[in-house]
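One structure below.
The values are calculated or read from the model by the stated rules, or taken from the named source; none is laboratory data. Note that the structure is a prediction, hence the values are computed from the model and not measured. Because the Cβ atoms are built from the backbone with ideal geometry, glycine has one as well, and the counts that use them run over all protein chains shown. Ligands, DNA and RNA are excluded from the accessible area calculation, which covers all protein heavy atoms including side chains. Shrake-Rupley method; radii C 1.70, N 1.55, O 1.52, S 1.80 Å.
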Amino acid sequence: MASEHWNSAPLAAELLRRSAAMVTDDTLIPADTTDLAKYYARHLEGLGRVHDGSDPDGRTAPGYCVFQAFGRVGTWQLFPLLVEPLKVYTGAATGENAEILGHVLRAHEAAQKKGTWVLDRGFDRRELFEPLVRNGVAFVVRQRGDRTVRTADGRDVSVEALVAEQTCPRPRRWPKGGVSVTVEVWLPEVGPDPFLLVIGWRVPGSERPLVLLVSPKARRGGRTGKWFVRAYHKRWGAEDASRGIK
């Protein structure tokens with residue numbers, strides 16, 4: 001471990017190569033960031049300061065913020081594409097958006113630009129969308145609600161306001177998994193192609209429906225609003241994987 005010649009990069013590259021080979025056009029790629037708190041560490045390399053998400057008091061602790069991306073194969077299996085600490089938390093001269101973008105594009109190229117990335121609301125960032133769309137990345141990201149989008153009739157409104165305009169369908173028999181509606185929207189600062197806003201209600205008249213933004217590349221034949229809601233729910237596998245790694 002003390003050898004100055006030790007380099008784990010070939011292991012990470014081989015892991016990415018093997019996992020990326022299993023990614024197809026229909027593969028979901030859940031990604032997330034997680035914290036690894038190390039309260040008693042003093043001399044670990046690259047130790048930074050992170051928010052401890054497992055602590056009930058929400059303390060800040062010494063540790064690492066880690067970006068993880070997994071290829072979902074079969075019903076439950078998750079194969080790790082990338083598990084990389086973000087160097088910005090150790091004071092490196094970079095930015096979190098730039099690091100995340102670099103990791104996503106690296107895995108995107110390794111998977112031959114296949115698969116659909118499924119991201120939580122923490123990735124709802126203007127700095128990420130334009131380069132992801134420009135590089136042909138298919139992604140579904142949960143919305144915070146404060147993003148401004150342009151509607152088909154030319155209005156610029158917030159996602160939250162647009163969701164409030166939608167009416168929850170009332171089928172005679174409420175289907176398992178809920179119902180959803182879709183609205184085509186544009187992000188002029190990102191590009192001319194339309195995105196899809198998906199609003200999903202788990203129970204009738206829920207005041208907090210699931211709101212997803214679907215990139216132009218992720219919009220394919222057969223993918224309905226219900227399909228995207230189901231795909232997002234499968235993102236939780238990344239949480240289970242993070243717990244196992246910790």
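With the cut-off at under 16 Å, measuring from each backbone N in region 178-211 to a point 7 Å along the Cα-to-Cβ line of residue 153 picks out 183-186.
Considering all alpha-carbon pairs of region 33-113, what whole percent are spaced by more than 14 angstrom?
Value for region 33-113: 67 percent of Cα pairs lie more than 14 Å apart.
Couplings 3J(HN,Hα) of region 238-246, computed from phi: 5, 5, 5, 5, 4, 4, x, 5, 5 Hz, in residue order, whole Hz [Karplus 6.51 cos²θ - 1.76 cosθ + 1.60, θ = phi - 60°; x for Gly and Pro].
Taking GluC sites (Glu not before Pro) as exposed when DSSP calls them loop and at most 12 other C-beta atoms lie within 10 angstrom, the chain has its longest site-free stretch at 46-188.
In whole percent, and with a 1.4 Å probe on the protein chains, what portion of the accessible area of the chain is carbon and sulfur? Could you put the intermediate results ahead of the total?
Details: 7100 of 13950 Å².
Carbon-and-sulfur percentage of accessible area, whole number: 51.
Between residue 172 and residue 127, what is the spin-label point distance in nm, taking each point 7 Å from the Cα along the Cα→C-beta axis? So the label points at residue 172 and residue 127 sit 5.3 nm apart. Which angle from 0 to 90°, rounded to the nearest 10, does the C-alpha axis of helix 96-110 make with the longest principal axis of the chain? It is inclined by approximately 90 degrees.
Here's the picture: charge each Lys and Arg Cβ at +1 and each Asp and Glu Cβ at -1 in region 76-117, and of 86, 110, 100 the one pushed furthest to the positive end of that dipole is 110. For region 152-242, what does the alpha-carbon gyration tensor say about shape, rounded, prolate or oblate, given a ≥ b ≥ c as the root eigenvalues, a/c under 1.5 as rounded, and a/b over b/c as prolate? Oblate. Relative to the compact-globule estimate of 2.2 N^0.38 Å, the Cα radius of gyration of region 128-191 comes out at 1.35.
How large is the Kirkwood hydrodynamic radius of the chain, counting all unique pairs of alpha carbons, in Å?
So the Kirkwood estimate lands at 19.5 Å.
Pairs of Lys residues in the chain, spaced 8 or more positions apart or belonging to different chains, with C-alpha separations under 25 angstrom: 15 in total.
Under a 1.4 Å probe, what is the accessible area of region 1-117 per residue, stated in Å²? Write out the running numbers ahead of the final one.
Details: 6960 Å² over 117 residues.
Heavy-atom SASA per residue in region 1-117 reads 59 Å².
Distant-in-sequence amide contacts of residue 118, defined by a placed amide H-H separation under 5 Å and a gap of 5 or more residues or a different chain, comprise 29, 31, 140. Using 13 Å as the cut-off for backbone N distance, which residues of region 181-201 belong to the label zone defined by a point 7 Å from the Cα of residue 164 along Cα→Cβ? Answer for this model: none. Close amide H pairs (under 5 Å, H built 1.01 Å from N) link residue 191 with no residue at least 5 positions away or on another chain. Taking all protein chains as they are arranged and a probe of 1.4 Å, the heavy atoms of residue 54 leave approximately 90 Å² accessible to solvent.
Here region 87-107 and region 145-175 have alpha carbon centers that stand 33 Å from each other.
Applied to region 15-21, the Karplus parametrisation 6.51 cos²θ - 1.76 cosθ + 1.60 on θ = phi - 60° returns per-residue 3J(HN,Hα) values of 4, 4, 4, 5, 5, 5, 5 Hz, with x for Gly and Pro. In sequence order, region 193-210 has phi-based couplings of 7, x, 8, 10, 9, 10, 10, x, 9, 7, 10, x, x, 4, 7, 10, x, 6 Hz under the Karplus curve 6.51 cos²θ - 1.76 cosθ + 1.60, θ = phi - 60°, and Gly or Pro positions carry x.
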